1. Give me Asp90, Asp112 sorted ascending by neighbouring Cβ count inside 10 Å, so fewest comes first.
2. Does the range 81-153 come out rounded, prolate or oblate, given a ≥ b ≥ c as the square roots of the eigenvalues of its C-alpha gyration tensor, rounded meaning a/c under 1.5 and, failing that, prolate meaning a/b above b/c?
3. Near Glu102, within a Cβ-to-Cβ distance under 15 Å, what is the net charge of the other residues, with Lys and Arg +1 and Asp and Glu -1?
4. At Glu51 and Glu102, where each label point lies 7 Å from the Cα along Cα→Cβ, what is the point-to-point distance in nanometres?
5. Starting with the fewest neighbours, write out Arg111, Arg130 ranked by other beta-carbon atoms found within 10 Å of each beta-carbon.
6. Using the count of nearby Cβ atoms within 10 Å as a rough guide to exposure, how do Val120, Val66, Val107 rank from fewest to most?
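Values in this text are rule-based calculations from the coordinates and carry no lab data. Given the structure is predicted, the values throughout are model-derived calculations rather than measurements. Cβ: placed from backbone, ideal geometry, glycine included. Neighbour counts: every protein chain shown.
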Amino acid sequence: MAVTAVVTVAGCSHTIDGAAQRASADSQDPDRSFGYVDDRCGLLADSTIQEILAADNLVRPYSGAVCQYVLSRKAGPAAEPGSDSLAMLDVIFSWFEKGSLERERAVARSRDAEIIDTIVERHQAFLARRDVTGASCSATASAGSGVISWWVQFRAAGAAGPSPKGDPCQDAKKLLSATLQSEL
């Protein structure tokens, strides 16, 4: 009886060539709008963006397929409650309804951004860091029929102002993650 069990197990096993790959998330609705809808950009309410970025203040001067935000939060390790030292952040959400991840990557490369491929909420994505006028980074992923991107810049990171607290790439990635989670 033991011989029969060994023959049965050995006969059912086989090896498959190749490498494991992550499952990619197909959009629940390829026609979904990520633009400005119901006073939200990228499916996120202003209060959610403010919370994700730990900002004290948020202003949204423009809304549409591209939404612009100006935020402030306490800056640097010396910033304590009651301190007036604020870091300013510029944040932009963009949605290109018929865009492609490859095109956005090519644009980032042409602007000498440092590209880091990543996965965000089971979507192929990339981070593009470019520190020209302050520490800045965008997080971009395919979504629906196009691409969405969150860009975060810490104003005057360095000599001209207080050192901001945080990493613009991590902040952009958190916003992209929240948008992609909202889609589910």
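1. Asp112, Asp90
2. Since a/c reaches 1.5 and a/b is larger than b/c, the shape of the range 81-153 is classed as prolate.
3. Details: positive: Lys98, Arg103, Arg105, Arg109; negative: Glu104, Asp117.
Summing Lys/Arg as +1 and Asp/Glu as -1 gives +2.
4. Simple spin-label model gives 3.9 nm for this pair.
5. Arg111, Arg130
6. Sorted ascending by nearby Cβ count, the order is Val107, Val66, Val120.
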